[in-house]
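Report on the following structure.
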There are 2 protein chains.
Amino acid sequence: MKKAIAVISGGMDSATLLYHLLNSGYEVIAVSFNYGQRHKVELGYARRLVDHLKKDNRPILAHHIIDLPIAQYLHGSALTDDIDVPEGHYAADSMKQTVVANRNAIMLSVATGVAVAENAEVIAAGMHAGDHPIYSDCRPEFAARFNEMIRAANEGYGHPDMRLLTPFINNTKAEIAEGGNEMGVAWEYTWSCYKGGEIHCGKCGTCVERREAFSLAGVVDPTSYEYEGELPTEPNVGEAA
Amino acid sequence: MKKAIAVISGGMDSATLLYHLLNSGYEVIAVSFNYGQRHKVELGYARRLVDHLKKDNRPILAHHIIDLPIAQYLHGSALTDDIDVPEGHYAADSMKQTVVANRNAIMLSVATGVAVAENAEVIAAGMHAGDHPIYSDCRPEFAARFNEMIRAANEGYGHPDMRLLTPFINNTKAEIAEGGNEMGVAWEYTWSCYKGGEIHCGKCGTCVERREAFSLAGVVDPTSYEYEGELPTEPNVGEAA
C-alpha cells in the first residue's frame with residue numbers, strides 16, 4: 001500500500017487533504033506541529049479528526065504531534081508573539097504580520113525526515129491559492145523548489161520516488177470546501193481561528209476566509225462564531241492569484 | 001555590518017567556519033541544535049568556543065542552542081538510537097548508519113527562519129568534500145537546491161540577498177585543519193567523537209577523520225584519544241569525491 005506523511009494543522013484544508021489521501025489509496029502517518037502558535041487549540045482538533053477517522057477504520061498509522069520550540073528565535077509573528085492578530089480580509093497587507101519565518105520549509109523538512117525514516121512515497125500538505133498573496137512558502141514555485149531540494153538531500157535514502165504532494169495548490173478555499181463536502185469531511189473537527197479562543201472569533205483573517213469559503217461553496221457552515229455579522233467586501237484575491 | 005547565521009556543531013569544521021566568517025567581516029549569530037544526538041557533549045564545546053571568541057571581543061551577537069526533539073520520529077540512526085556507533089574509516093559503508101534522515105535540511109531550514117527574523121544576509125554551514133560519499137545532504141547539489149528553495153520560500157521577507165554559504169564544500173577536512181590552523185582556531189574547544197564519552201574514542205568514523213585531517217595537514221593535534229593506535233589504511237575517499 002502507498003504510504004503518505006500528511007502535515008495537518010487542524011484546519012479545513014488539511015482535513016480535506018486527509019480525506020483526499022485516504023480516498024486515493026494511501027495509508028497515512030499524520031504529523032502536526034506545536035511551534036508555539038497561540039492557536040494551539042487547532043492541535044486538539046487535528047487529534048479529534050484523526051480519532052474520528054480511525055474509528056471508521058481508515059488506515060491512519062499514527063498521528064505525531066511534534067514539538068518545535070523555535071518561536072522565540074523566529075520572533076516577529078502575530079501567531080506566536082505578543083502582537084495583536086489582525087482582523088479583516090486574509091489578503092490584506094496587515095496579514096503579513098501572521099507570517100512565521102520559513103515555517104513551511106521547517107515543518108515540511110521535518111515531515112520529510114519522517115518520510116525517509118518510514119520509507120513513505122509522499123509528503124502531503126494542504127496549501128491553496130488563497131495563501132499565495134501573503135505566504136510565499138505556499139506558492140507552486142516554493143513547492144517545486146522544495147521537491148528538488150529533498151530529492152538532492154536524500155539521494156540514496158528513503159523511497160526513490162519520494163516527493164511533496166500539494167493537491168490543492170491551485171484551488172481556492174471555496175473549492176476545497178466544496179470538494180471536502182463531497183467527501184463528507186467532518187468540519188466540526190476542524191479549527192481555523194488564529195486567536196485560539198473558546199470559539200472561532202469570526203473576524204480574524206482565517207475566520208473570514210473560512211466563513212467566505214463555506215458561503216461561496218454553498219456548504220452549510222457548522223461553526224459557532226463569536227461575530228457572525230457581515231463579511232468584509234474586498235475581493236477574494238486568492239482566486240486571482 | 002554584514003550579518004551571518006552560523007550553524008555550529010562544536011566540531012572542527014564549524015569552528016573553522018566561525019573564524020572564517022568573523023575574519024570575513026560578518027557579525028555572527030551562532031545556532032546549534034540539540035536533536036537528541038548521543039554526542040551532545042559537542043554542544044558544550046560549541047558554547048566554550050563561542051565564549052572564548054567573545055572574550056576576544058569578536059562580534060558574536062548570540063549563540064542559540066535550539067532543541068529539536070524529533071529523534072524519535074526519525075528513528076534508525078546510530079547517532080540518536082540505541083545502535084552501536086560504527087568504528088573504522090568514515091567513508092566505509094557502515095557509516096550509513098550515522099545518517100539522520102534529512103538532518104541538514106531540517107537544521108538549515110530553522111537557521112533560515114532565524115536569518116529571516118534577523119534580516120541576515122547569510123546562513124553558513126561547514127560541510128566539506130569528505131562528507132559527500134555518505135551524506136547526500138552535504139553535497140554541492142543539495143546546497144544549490146536548498147538555496148533556490150529558501151529564495152522561493154521567503155520571497156518578500158528577510159534580506160533580499162539571503163543565501164546559504166558553504167565555504168568548505170569542495171575542501172577536504174585536511175584543508176580545513178590547515179586553514180583553521182592559520183587562523184588560530186582554538187582546537188581544544190572542538191569535539192568530534194560520535195560516541196560522546198569523556199574523551200574522544202579515537203576509533204569511530206569521526207575520530208578517525210579528525211586524527212587523519214590533523215595528520216595530513218601537519219598540524220599538532222591537541223586532542224586526548226582513548227585509542228591512539230594506527231589509523232585505518234583505506235583511502236581517503238573524501239579527496240576523490
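Please treat every number below as a calculation from the coordinates, not as lab data. Because the structure is predicted, anything quoted here is derived from the model rather than measured. Counting neighbours? That spans all protein chains shown, and the Cβs are built from the backbone with ideal geometry, glycine included.
Treating only the Cβ of Lys, Arg, Asp and Glu as charged (+1, +1, -1, -1), what charge dipole size does the range A:2-240 show about its Cα centre? Round to the nearest 20 debye. Intermediate values should be presented prior to the final figure.
Numbers: 20 positive and 32 negative charges, 142 e Å.
Charge dipole of the range A:2-240: 680 debye, to the nearest 20.
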So which aspartates and glutamates can B:LYS55 reach, going by Cα to Cα under 18 Å and dropping same-chain residues fewer than 8 places off?
B:GLU27, B:GLU188
Fraction of beta bridges assigned by DSSP in the range A:2-240 that are antiparallel (%, nearest 5)
5 percent
Averaged over residues of B:107-119, the number of beta carbons from other chains lying within 10 Å of each residue's Cβ is 6
Estimated D of the range B:116-169 in µm² per second, where Rh is the Kirkwood radius over Cα pairs and Stokes-Einstein applies at 25 °C, 0.890 mPa s
209 µm²/s
Dipole of the range A:19-82 (Lys/Arg Cβ +1, Asp/Glu Cβ -1, origin at the Cα centre): which of A:TYR19, A:PRO69, A:HIS39 lies farthest to the positive side?
A:TYR19
Considering the protein assembly as shown, what Rg and Dmax in Å follow from its alpha-carbon atoms?
23.6, 78
Taking every alpha carbon pair in the range A:141-241, what does the distance histogram look like in 10 angstrom bins from 0, in percent?
13, 35, 26, 18, 7, 0
Please compute P(r) over all alpha-carbon pairs of the range B:1-96, binned at 5 Å starting from zero, and give each bin as a whole-number percent.
3, 12, 20, 19, 16, 13, 9, 7, 1, 0
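Report the local net charge at A:ARG151: Lys and Arg +1, Asp and Glu -1, summed over other residues whose C-beta lies under 15 Å from its C-beta.
Working: positive: A:ARG145, A:ARG163, B:ARG139, B:ARG145; negative: A:GLU121, A:GLU148, A:GLU155, A:ASP161, B:ASP137, B:GLU141, B:GLU148.
Surrounding charge for A:ARG151 is -3.
Filter the GluC sites (Glu not before Pro) in the range A:72-156 down to the DSSP loop ones having no more than 15 other Cβ atoms within 10 Å, then list what survives. Mind showing how you got there, number by number?
Numbers: sites: A:GLU87, A:GLU118, A:GLU121, A:GLU141, A:GLU148, A:GLU155; in loops: A:GLU121, A:GLU155.
When the GluC sites (Glu not before Pro) of the range A:72-156 are filtered for loop state and at most 15 Cβ neighbours within 10 Å, A:GLU155 remain.
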Percent antiparallel among DSSP beta bridges with both residues in the protein assembly as shown, to the nearest 5?
5 percent
Treating cross-link reach as a plain straight distance, find the lysines whose alpha-carbon is under 17 Å from the alpha-carbon of B:LYS3, omitting any fewer than eight places away in the same chain.
B:LYS54
Gyration tensor (Cα only) of the range A:77-181 to equivalent ellipsoid, semi-axes in Å sorted down, yields 28, 17, 11
Amide H of B:LEU164: which non-local residues (sequence gap of 5 or more, or other chain) have their own amide H closer than 5 Å, using H built in the peptide plane?
B:ILE123
For the pairs A:LYS40/B:LYS2; A:LYS40/A:LYS203; B:LYS96/B:LYS195, note any where the Cα-Cα span goes beyond 27 Å.
A:LYS40/B:LYS2
Please compute, for the alpha-carbon atoms of chain B, the extent along each of the three principal axes and give them in descending order in Å.
53, 40, 32
May I ask for the angle, rounded to the nearest 10°, between helix A:173-182 and the longest principal axis of chain A, with both axes built from Cα atoms and the value confined to 0 to 90°?
70 degrees
If one builds a Gaussian network model of chain B from Cα atoms under 10 Å apart, the most fluctuating residue listed among B:ARG47, B:ARG103, B:ARG163 is B:ARG103
Going 7 Å from Cα along the Cα-Cβ axis for the label, what nanometre distances separate A:SER224 from the same residue across the other copies?
6.6
Taking a ≥ b ≥ c as the square roots of the Cα gyration tensor eigenvalues, with a/c under 1.5 meaning rounded and otherwise prolate when a/b beats b/c or oblate if not, the range B:40-90 comes out oblate
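How well do other chains shield peptide B:71-81, expressed as the mean number of their Cβ atoms within 10 Å of each residue Cβ?
3
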Computed helical MRE - 222 nm, chain B, DSSP H runs ≥ 4 contributing -39500 (n - 2.57), nearest 500:
-11000 deg cm²/dmol
